[in-house]
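What follows is a single structure, written as structure tokens, with notes after it.
The values are calculated or read from the model by the stated rules, or taken from the named source; none is laboratory data. Just so it is clear, the structure is predicted and the values come from calculations on it, not from any experiment. Here the Cβ positions follow ideal geometry from the backbone for every residue, glycine too, while neighbour counts run over all protein chains shown.
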Amino acid sequence: MNAVNGFLNRAGQREIEWLASERFVYSNKYNYVGICDAIAVIDGKRYLVDFKTSNKIRKLEYGMQTSAYAMAYCEETGETIDGVIVVRFAKDEMDEPFEVFEFSSSEIETFY
């Protein structure tokens, strides 16, 4: 609960417009489907947001998964994604309650 409250307090300090949650995405080109946790406009930029519960950020794993979601979303909608934000909520109470990690659009493309 502390992690979620901490995240909500931090999110409240930014200008966020939540556009979608639990959105199915499909790539016709590569024939895969997934569910992204959220699409949001944050401080004027469009982000795919993914929430994770783990003890650490797994950059390669999360980057591959979220870049695939972002690519499918862009393919479906014709919109661009300016970046991906992964919010990690700690499983272990000894860890920081939450951590926010951002992949830029150029970093996302390296996973394609």
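Considering the stretch 44-60 alone, what residues qualify as being loosely packed, with under 11 Cβ neighbours inside 10 Å and either in a loop (DSSP other than H, G, I, E, B) or modelled with pLDDT of 95 or more (or both)?
Gly44
Consider Arg23 carefully, then state whether it is out of contact with any His (no Cβ under 9 Å at 6 or more places or on another chain), at pLDDT 95 or above and charged (D, E, K, R).
Details: out of contact with any His (no Cβ under 9 Å at 6 or more places or on another chain): yes; at pLDDT 95 or above: yes; charged (D, E, K, R): yes.
Considered against the rule, which asks whether it is out of contact with any His (no Cβ under 9 Å at 6 or more places or on another chain), at pLDDT 95 or above and charged (D, E, K, R), Arg23 comes out as yes.
Quick one: which residue in Gly78, Gly12, Gly34 is more than 18 Å from Thr110 (Cα to Cα), surrounded by fewer than 12 Cβ atoms within 10 Å (Cβ to Cβ) and at pLDDT 90 or above?
Working: Gly12 fails: at pLDDT 90 or above; Gly34 fails: surrounded by fewer than 12 Cβ atoms within 10 Å (Cβ to Cβ).
It is Gly78.
If I filter the stretch 75-95 for residues that are in a helix (DSSP H, G or I), under 23 Å from Glu15 (Cβ atoms) and either basic (Lys, Arg) or touching a residue at least 40 places away in the same chain (Cβ under 8 Å) (or both), do I get at least one hit? If you could, list the steps in order and put the result at the bottom.
Residues of the stretch 75-95 that are in a helix (DSSP H, G or I), as a first pass: 75-77.
Remaining after also requiring under 23 Å from Glu15 (Cβ atoms): 77.
Right, trim to either basic (Lys, Arg) or touching a residue at least 40 places away in the same chain (Cβ under 8 Å) (or both) and you get none.
Taking every residue of the stretch 75-95 in turn, none turns out to be in a helix (DSSP H, G or I), under 23 Å from Glu15 (Cβ atoms) and either basic (Lys, Arg) or touching a residue at least 40 places away in the same chain (Cβ under 8 Å) (or both).
All but one of (1) at pLDDT 90 or above; (2) in a helix (DSSP H, G or I) hold for Gly63; which doesn't?
Exception for Gly63: condition (1).
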